[in-house]
1. Residue by residue through the range 308-347, note down the ones that are in a strand (DSSP E or B) and surrounded by 13 or more Cβ atoms within 10 Å (Cβ to Cβ).
2. Regarding the range 267-276, can at least one residue be identified that is hydrophobic (A, V, I, L, M, F, W, C), free of Cβ contacts under 8 Å to residues at least 60 places away in the same chain and over 18 Å from ILE187 (Cα atoms)?
3. Under 6 Å between Cβ atoms, at least 6 apart or on separate chains: pull out the pairs that start in the range 219-237 with a residue that is modelled with pLDDT of 95 or more and end on any residue that is assigned to a helix (DSSP H, G or I) and small (Gly, Ala, Ser).
4. Test THR105 against the stated conditions and say whether it is touching a strand residue (DSSP E or B) at 6+ places or on another chain (Cβ under 9 Å) and either open to solvent by 50 Å² or more (accessible area, probe 1.4 Å) or under 23 Å from GLN192 (Cα atoms) (or both).
5. Out of curiosity, is GLN324 of a type in the set (S, T, N, Q), more than 27 Å from the chain's Cα centre (by Cα) and more than 28 Å from ASN220 (Cβ to Cβ)?
6. From the list LYS170, LYS180, LYS209, which one is within 26 Å of the chain's Cα centre (by Cα) and without any contact (Cβ under 8 Å) to a residue 24 or more places away in the chain?
7. Pairs, please: C-beta under 9 Å, at least 6 apart or cross-chain, first residue touching a residue at least 12 places away in the same chain (Cβ under 8 Å) and more than 14 Å from ALA117 (Cα to Cα) and in the range 142-159, second assigned to a helix (DSSP H, G or I) and of a type in the set (Phe, Trp, Tyr)?
8. Just for the range 111-123: of the residues that are under 44 Å from the mean Cα position of the chain (by Cα) and among the small types (Gly, Ala, Ser), which one is most open to solvent (accessible area, probe 1.4 Å)?
Amino acid sequence: MRKKVLKQFFALMSSLCMIMCLMPTAVNANDTDIVKYVALGDSITSGYGLTHPENQAFPALIAKEQNYSVVNRGQAGLTSEGLLTLLADQDVAGDVASADIISITIGGNDLMNALYAYLAEQFGNGMTADYVKDQFETNNTVFLAQAISHLDSFGESEIAAKALTTFGIKLYSIIAAIKKANPDVLIFVSTQYNPYQWLPDQCTNLLYKDYAQKITAAFNDGVSALNTMINSTAFQSNGAFTVVDVYGAFANSYVNLSNAQFNDTMGIPTYNLDFHPNTAGHQVIADTMITAMNASIKKVLENAEASLTALGTLTADQKDVSSQETAQAWVANQVKTLSIAGVNLSATVDQFVLPVAGTASQPTGTNGSFSMRVTLQYAGQSKTVDVPVTIKATAYSAPVVDDNKTEEENKQPQETHKTEKVESVNTGDSTNIMGYTAMMLTSMVLLMKTIRKKQSLD
């Protein structure tokens, strides 16, 4: 029975040893979490008009390419004021606070609503902005021709100026609210593209070609003013967000990237002024965003590397670092003191050279060294930086010598002390010996009881 109990005990200990051996030993090595990407904005973000926006909208394309987890909070018709209000929603606020990366498309509806209001004012007769919007979405070429005649002056109107100013104020407030909730998050704001730049080339009739050119020119002025406000807000925010040049990416494309179409091949023109991007357009937005995201992440890591490099060569004492194991513990403490803008740091010891303490013949000893290999992780990407460390050898300390004693006498006190210590154990008083004996007998009794109890259980 006793053998069985011992066998079970050793089997348990072997299992525990195996488990301990399998545990990771790297210093401060956290598993890299999946990057959380939150997409905020209007119908461009939500993927309006796409057959499968959950897969085709640019946020989904970014997440797939970058291996991010994505939360799409895009809403059709959202303005800058609407987005600022949305940030107060509890669920949205939670997503923003836990995000690593945020993209924003906003401003298109601010501009379009101002245009509808301006045209309604120009037409008069009680016409409303909603009516103008509805007419743009129908195939009413008569209304289109009348509206085009007013487009040239929209950019200089009070309505347009007020809309742009309000947009700038709201965008600044949006960025401030996000940064307050999540100071380390990377924010990317898309510029607005011109959805109608491809219309003139689709027309064969000179009259309709002229219509298309006027629409294109008017919208180019409008989105340019909007994008100027976005860039100005980025400057005023001290670079709190990155401006993504989607306007430029669309302008350089010979392929129509929006749903807008103009067809007059049958003599009777038909048109579609839907300004939303098509599947090709979403891919271009995704590619442009990814380029900007990777560039920003790279910059953060490079700045973190520069901060570590600026530390120069670190110094550790031999009393603290006398082996590779103690060096690993020293490195762990060093990493805890480093904080770089939300960057996750972990470190290991590399190229360890043991220091040699000083001796009488070489009092200063020989310094050791190793490399503190720091891994920087940020938004799914990583960079390794080697920080050199010198291990300062413990200097030789000569024993204190009494000039009134011989060499043998100077050594005697230490030897006498050792002898007295041994004698105190062997010749101590009977009280100490009896106490020690009683303690040993008690331990033996408890041990026998434990063995008997285990045997009875078996």
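The values are calculated or read from the model by the stated rules, or taken from the named source; none is laboratory data. Quick caveat: nothing in here was measured; it's all calculated off a predicted structure. No Cβ is skipped: glycine too gets one built from the backbone with ideal geometry, and neighbour counts run over all protein chains shown. Heavy atoms of the whole protein, side chains included, go into the accessibility calculation; ligands, DNA and RNA do not. Shrake-Rupley method; radii C 1.70, N 1.55, O 1.52, S 1.80 Å.
1. Looking only at the range 308-347, we keep the residues that are in a strand (DSSP E or B), and these are 314-317, 340, 343-347.
LEU314, ALA316, ASP317, ILE340, VAL343, ASN344, LEU345, SER346, ALA347, listed by residue number.
2. Residues of the range 267-276 hydrophobic (A, V, I, L, M, F, W, C): 268, 273, 275.
From the residues that got through so far, the ones that are free of Cβ contacts under 8 Å to residues at least 60 places away in the same chain too are 268.
From what is left, the residues that are over 18 Å from ILE187 (Cα atoms) are 268.
Yes, that holds for at least one residue.
3. MET229/GLY168; THR233/GLY168
4. Numbers: touching a strand residue (DSSP E or B) at 6+ places or on another chain (Cβ under 9 Å): yes; either open to solvent by 50 Å² or more (accessible area, probe 1.4 Å) or under 23 Å from GLN192 (Cα atoms) (or both): yes.
Criteria met by THR105.
5. On the way: of a type in the set (S, T, N, Q): yes; more than 27 Å from the chain's Cα centre (by Cα): yes; more than 28 Å from ASN220 (Cβ to Cβ): yes.
Taking the combined requirement at face value, the residue satisfies it.
6. On the way: LYS170 fails: without any contact (Cβ under 8 Å) to a residue 24 or more places away in the chain; LYS209 fails: within 26 Å of the chain's Cα centre (by Cα).
Going through LYS170, LYS180, LYS209 in turn, just one is within 26 Å of the chain's Cα centre (by Cα) and without any contact (Cβ under 8 Å) to a residue 24 or more places away in the chain: LYS180.
7. LEU144/PHE136; LEU144/TYR211; ALA145/TYR211; GLN146/PHE123; ILE148/TYR211
8. By that ranking, first place goes to ALA117.
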